[in-house]
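Q: Attaching a single structure in C-alpha cells format; questions to follow.
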Amino acid sequence: MSEVEKIILAVRVRGQVRVRPQIEDTLDKLLLGRVHQARIFTVTSSIQGMITKSKDYITWGEPSEEVIEKLLAKRGRLPGNGRLTDSYVKKNSKYSTVKALAKAIASGKANVKDVEGLKPVFRLTPPSKGYKGKKNLAVGMGGITGYRGEDINKLVLRMI
C-alpha cells in the first residue's frame, strides 16, 4: 500500500424508492442512507467494490483541499448537532485548526474519525441551480451518477 492513500468524496444523489435490497444494504453500510448525504472515504478494495456496486445511486470523485475544508467547517456536525470549530478540533484531535485537519485529510494522512465525536456523514442541500443531467444516467452519458473525478468539487460547492 502506498504512503499517500487515495481519498474520494461520495454523495448520494438518488432516493430510496425502487432500490434493490442488496444495493440499499450496501448504501447503508457506506452510511449513505438518504439523498444528499456525503462521506469522505479512504479507498480500499472493499470500499471500491461497494462504490462500484452502488454506482447508479451515488456520484463520487477526488475532492480538493478547499472543498474538504468548507465541508468540515460548514457541514461538519458534532453530537447535539453542534458545528465543528477550530477550538473543538484542537481539543479533540492532534490538529490545531479545521484547515490543518482538511489539509491532512486531503493528503491522506488523516481521517474524519481522527476528531473524536465528529459525525462521518455530511448532510448537504440540493445543488443550487439543480443537477446538470438526467438522474438515471451516468456522468459520461449526460447524467448525474457515477465517477466525476475533479468535477465533484463543483457539485459539492453548490450543495454546501
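Q: Taking VAL156 and the conditions (1) modelled with pLDDT of 90 or more; (2) surrounded by fewer than 19 Cβ atoms within 10 Å (Cβ to Cβ); (3) under 13 Å from ARG12 (Cα atoms), which numbered condition does it fall short on, given that it satisfies the others?
A: Looking at each condition in turn, VAL156 falls short on (2).
Q: For GLY117, work out the one condition from (1) in contact with a Leu (Cβ under 6 Å, 6 or more places away or on another chain); (2) within 14 Å of ARG12 (Cβ to Cβ) it doesn't fulfil.
A: (2)
Q: Taking the stretch 28-60 on its own, how many of its residues are within 20 Å of MET159 (Cα to Cα) and under 13 Å from the mean Cα position of the chain (by Cα)?
A: 15
Q: Is the stretch 126-137 home to any residue that is over 15 Å from THR85 (Cα atoms), touching a residue at least 24 places away in the same chain (Cβ under 8 Å) and aliphatic (A, V, I, L, M)?
A: Scanning the stretch 126-137 turns up no residue that is over 15 Å from THR85 (Cα atoms), touching a residue at least 24 places away in the same chain (Cβ under 8 Å) and aliphatic (A, V, I, L, M).
Q: Here's something else I'd like to know. Scan the stretch 70-91 residue by residue and report those that are among the basic types (Lys, Arg) and within 24 Å of LEU155 (Cα to Cα).
A: Matches in the stretch 70-91: LYS70, LYS74, ARG75, ARG77, ARG83.
Q: Across the stretch 80-132, which residue is surrounded by the fewest Cβ atoms within 10 Å (Cβ to Cβ) among those that are within 25 Å of VAL35 (Cα to Cα) and small (Gly, Ala, Ser)?
A: So, considering only residues that are within 25 Å of VAL35 (Cα to Cα) and small (Gly, Ala, Ser), the one surrounded by the fewest Cβ atoms within 10 Å (Cβ to Cβ) is GLY80.
Q: Has the stretch 75-98 got at least one residue that is assigned by TED's automatic domain parsing to the domain that holds GLU150, in contact with a Ser or Thr (Cβ under 9 Å, 6 or more places away or on another chain), of a type in the set (Val, Ile, Thr) and assigned to a helix (DSSP H, G or I)?
A: No: zero hits.
Q: With surrounded by 19 or more Cβ atoms within 10 Å (Cβ to Cβ), in contact with a Ser or Thr (Cβ under 7 Å, 6 or more places away or on another chain) and outside any strand (DSSP E or B) as the only criterion, which of LEU71, LEU27, LEU32 stands out?
A: The conditions single out LEU27.
The values are calculated or read from the model by the stated rules, or taken from the named source; none is laboratory data. Computed from a predicted structure; not experimentally measured. Glycine also receives a Cβ, built like all others from the backbone with ideal geometry; neighbour counts cover every protein chain displayed.
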